[in-house]
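Just below is one structure, and these are the notes that go with it.
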Amino acid sequence: MANDLLKRFSFEITSNDFITAGKSSSYIKSNLKSLGIDSKVIRKIAIVFYEAEINLVIHSLGGKIYCDLYEDKIIIISKDIGPGIDNVELAMTEGYSTATDKVRELGFGAGMGLPNMKKYSDIFKIISDKNGTLIELTIFI
């Protein structure tokens, strides 16, 4: 029964929409609290979800993020359309960023998105090609 999906949240993320960026993360955090999820788990989910959401806003042409709740884990899937990541290994380096100066002036693009997603998830998977990027983050409850 541990592999049965209990609940799915899904969000459409719009490229360059810095006005609503972060709202999906706040929604997830609030809903997980109401479901009685441990606060340490919620903190990890909030961090990885926010980083995934902001990455879609900054680097993609848009995409979707899913947050799937299971009895023993939460899986976040970020799927975008866009140019993909040329060098995933380099992109995983803390501080490395391809964000534009304009994005940095807004306070984003510090190069911590992918490293933080890996750091705060128990299982990190990424697939990227010229059509987009798929990231799957698993956090055990």
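The values are calculated or read from the model by the stated rules, or taken from the named source; none is laboratory data. The structure presented is a predicted model; accordingly, all values stated were derived computationally and were not measured. Here Cβ is always computed from backbone atoms with ideal geometry, including for glycine, and neighbour counts include all displayed protein chains. Protein only, heavy atoms only, side chains kept; ligands, DNA and RNA dropped before computing areas. Shrake-Rupley method; radii C 1.70, N 1.55, O 1.52, S 1.80 Å.
Summary of values
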read-out: The range 5-27, subset open to solvent by 70 Å² or more (accessible area, probe 1.4 Å) and touching a residue at least 24 places away in the same chain (Cβ under 8 Å), residue farthest from VAL41 (Cα to Cα); value: ASN16
read-out: Among (1) at pLDDT 95 or above; (2) open to solvent by less than 60 Å² (accessible area, probe 1.4 Å); (3) among the charged types (D, E, K, R), the one test that LYS79 misses; value: (2)
read-out: Pairs, first part of a strand (DSSP E or B) in the range 74-86, second open to solvent by 20 Å² or more (accessible area, probe 1.4 Å) and not small (Gly, Ala, Ser), C-beta under 6 Å, six or more apart; value: ILE77/TYR66; ILE77/GLU136; LYS79/LYS64; LYS79/LEU134
read-out: Residue check, ILE47 open to solvent by less than 20 Å² (accessible area, probe 1.4 Å) and in a helix (DSSP H, G or I); value: no
read-out: Contacts under 9 angstrom Cβ, first residue in the range 44-62 being on the phi > 0 side of the Ramachandran plot, partner charged (D, E, K, R) and not in a helix (DSSP H, G or I), 6 or more apart; value: GLY62/GLU12; GLY62/ASP17; GLY62/ASP80
read-out: Tally of residues being more than 14 Å from ILE75 (Cβ to Cβ) and in a loop (DSSP other than H, G, I, E, B) across the range 1-27; value: 10
read-out: Residues of the range 100-141 satisfying the condition of being touching a residue at least 24 places away in the same chain (Cβ under 8 Å), part of a strand (DSSP E or B), under 30 Å from ASP72 (Cα atoms) and open to solvent by 50 Å² or more (accessible area, probe 1.4 Å); value: LEU134, GLU136, PHE140
read-out: When residues of the range 28-41 are limited to those that are touching a residue at least 12 places away in the same chain (Cβ under 8 Å), assigned to a helix (DSSP H, G or I) and surrounded by fewer than 21 Cβ atoms within 10 Å (Cβ to Cβ), the one nearest to the chain's Cα centre (by Cα); value: LYS29
